[in-house]
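Report on the following structure.
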Amino acid sequence: MAALEDRLKERARALGFELVGIAAATPADGFERLRAWLERGFAGEMDYMHRHAEARCEPSSILPEVRSVVMLGLNYPAGPASPSGKTWGKVARYARGPDYHDLLRARVKELLAWLRAEQPGCRGRGVVDTAPLLERDYARRAGLGWFGKNTMLLNKRQGSYFFLAGLLTDVELRPDAPHSASHCGTCTACLDACPTEAFVGPGVLDARRCISYLTIELRTPVPEALRAGLGEWAFGCDICQEVCPWNRHPVAAPGFPARADLEALDLIEVLGLSEEGFRQRFCGTALTRPRRGGLLRNAALVLGNTAGPEALSALRRAVEDEDELVREAAAWAIGQIEGRPVATSVPLVVACE
């Protein structure tokens, strides 16, 4: 019979994971790097990163008995967004389907059930982005790839368009060889392409300037100095991945059920959504993350960047919205389209160190 590690990997692939590797459950290699990043303020308003920082050093903070960390990667579609006109906005590729947390949790749960059948009485816990685990650190240690200059995990065969999940277990599994080399060379395409200059240097991201952070995590108005940099992005951003040479060849993503209606957003429609309409339209997707106010704010800002007079009626209605975040963004967008300055109380972004 094949070794348990080999059978585990075979089962993971049968569940749709394109990548699978095993890492020892020792302290995270990049914990000091994380600590320094937090101390520089690069997490912005993501306070949860500070609250759970120390727990990220040891996987035993999640499962005290942990002996092994099984790292898993599942591809998502790499096709570009196709906005249908000046009143449409782009959505990051990973969000063009069901919420990946639910999708991956279900599959990791199946893998854990299989392991328990093989090793009765074993303990385990699945991790999908919400527990304090430095997933990329353990993925690199498990041999799944290296850290690109855009901070993404890169794999020679799969590029970077994949989700990461982990299965922590008290079963002692033979670890894979860590990925010790970097294959970025002298390329700086990702750093050069960022329209908001979010990269302080290779491998160092100031989240406060990142389009994904600004459109998803930020709960306050987007700093005026960065609004033009959003371009057409209404939710998330893929620019630093789009230009990466390791993503030249699209990979299959049969395990991710993409939705055509999420490839791009009709921003006029989005601006007209009530709270109930917002929940119905985006229920079960990652687009609920910024809440209604955040997504409508994004829609208004993108219209201010790309649209013409055809968007003014919707924006004027949005100026009367109950959410101050939406009202301010709509007023700014009207000013952009009509070519007149609009006074706001939004501070400029904090300068990078």
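The values are calculated or read from the model by the stated rules, or taken from the named source; none is laboratory data. Note that the structure is predicted; figures quoted are calculated from it, not measured. Quick reminder, even Gly has a Cβ in these numbers, built from the backbone with ideal geometry, and neighbours come from all protein chains shown. Heads up: the accessible areas ignore ligands, DNA and RNA and are worked out on the full protein's heavy atoms, side chains in. Shrake-Rupley method; radii C 1.70, N 1.55, O 1.52, S 1.80 Å.
It is to be established whether one or more residues within region 93-100 are open to solvent by 30 Å² or more (accessible area, probe 1.4 Å) and either assigned to a helix (DSSP H, G or I) or farther than 30 Å from ARG297 by Cβ (or both). Checking region 93-100: at least one residue is open to solvent by 30 Å² or more (accessible area, probe 1.4 Å) and either assigned to a helix (DSSP H, G or I) or farther than 30 Å from ARG297 by Cβ (or both).
Among the conditions (1) outside any strand (DSSP E or B); (2) at pLDDT 95 or above, the only one that THR130 does not satisfy is (2). Selection of region 135-149 for residues being open to solvent by 10 Å² or more (accessible area, probe 1.4 Å), within 13 Å of CYS184 (Cα to Cα) and part of a loop (DSSP other than H, G, I, E, B) yields only LYS149. Of all positions in region 265-281, at least one carries a residue that is at pLDDT 95 or above, in a strand (DSSP E or B), within 18 Å of ILE334 (Cα to Cα) and of a type outside the set (S, T, N, Q). In region 166-197, the residue that is most open to solvent (accessible area, probe 1.4 Å) out of those that are over 24 Å from ASP29 (Cβ atoms) and touching a helix residue (DSSP H, G or I) at 6+ places or on another chain (Cβ under 8 Å) is GLU197. Among residues of region 1-20 being open to solvent by 20 Å² or more (accessible area, probe 1.4 Å), part of a helix (DSSP H, G or I) and not charged (D, E, K, R), the one that is nearest to SER160 (Cα to Cα) is ALA14.
For THR87, indicate whether it is over 22 Å from the mean Cα position of the chain (by Cα), more than 30 Å from GLU110 (Cα to Cα) and among the β-branched types (Val, Ile, Thr). Spell out how you get there, then give the answer.
On the way: over 22 Å from the mean Cα position of the chain (by Cα): yes; more than 30 Å from GLU110 (Cα to Cα): yes; among the β-branched types (Val, Ile, Thr): yes.
Yes: the conditions hold for THR87.
For region 101-132, a residue qualifies if it is hydrophobic (A, V, I, L, M, F, W, C), in contact with a helix residue (DSSP H, G or I) (Cβ under 6 Å, 6 or more places away or on another chain) and crowded, with 19+ Cβ neighbours inside 10 Å, and the qualifying residues are LEU111, VAL128. Filtering region 211-260 to residues that are touching a residue at least 40 places away in the same chain (Cβ under 8 Å), part of a helix (DSSP H, G or I) and farther than 19 Å from GLU45 by Cβ leaves ALA228, ILE239, CYS240, GLN241, GLU242, PRO245, TRP246, ASN247. Of everything in region 21-36 that's surrounded by fewer than 17 Cβ atoms within 10 Å (Cβ to Cβ) and hydrophobic (A, V, I, L, M, F, W, C), which residue is farthest from PRO254 (Cα to Cα)? For region 21-36, the residue satisfying everything is ALA36.
Out of VAL243, VAL200, VAL222, one residue alone is of a type in the set (Val, Ile, Thr), touching a Phe, Trp or Tyr at 6+ places or on another chain (Cβ under 8 Å) and closer than 30 Å to GLY304 by Cβ. It is VAL200.
A search for C-beta distances below 6 Å between a residue of region 180-207 that is farther than 21 Å from ALA228 by Cα and any residue that is of a type in the set (Gly, Ala, Ser) and not in a helix (DSSP H, G or I), counting only pairs 6+ apart in sequence or on different chains, returns CYS184/GLY148. Would it be correct to say that GLU242 is open to solvent by 60 Å² or more (accessible area, probe 1.4 Å), within 23 Å of MET152 (Cα to Cα) and modelled with pLDDT of 95 or more? So GLU242 fits the description; yes.
Given the structure, is GLY272 out of contact with any Phe, Trp or Tyr (no Cβ under 9 Å at 6 or more places or on another chain), crowded, with 19+ Cβ neighbours inside 10 Å and among the small types (Gly, Ala, Ser)? If you could, list the steps in order and put the result at the bottom.
Values: out of contact with any Phe, Trp or Tyr (no Cβ under 9 Å at 6 or more places or on another chain): yes; crowded, with 19+ Cβ neighbours inside 10 Å: no; among the small types (Gly, Ala, Ser): yes.
So GLY272 does not fit the description; no.
Residues in region 160-180 include at least one that is over 29 Å from ALA234 (Cα atoms) and at pLDDT below 95.
The residues in region 37-75 that are within 30 Å of GLY304 (Cα to Cα) and surrounded by fewer than 22 Cβ atoms within 10 Å (Cβ to Cβ) can be counted, and the count is 6.
When LYS86 is tested against (1) modelled with pLDDT under 95; (2) surrounded by 15 or more Cβ atoms within 10 Å (Cβ to Cβ); (3) in a helix (DSSP H, G or I), only condition (3) is not met.
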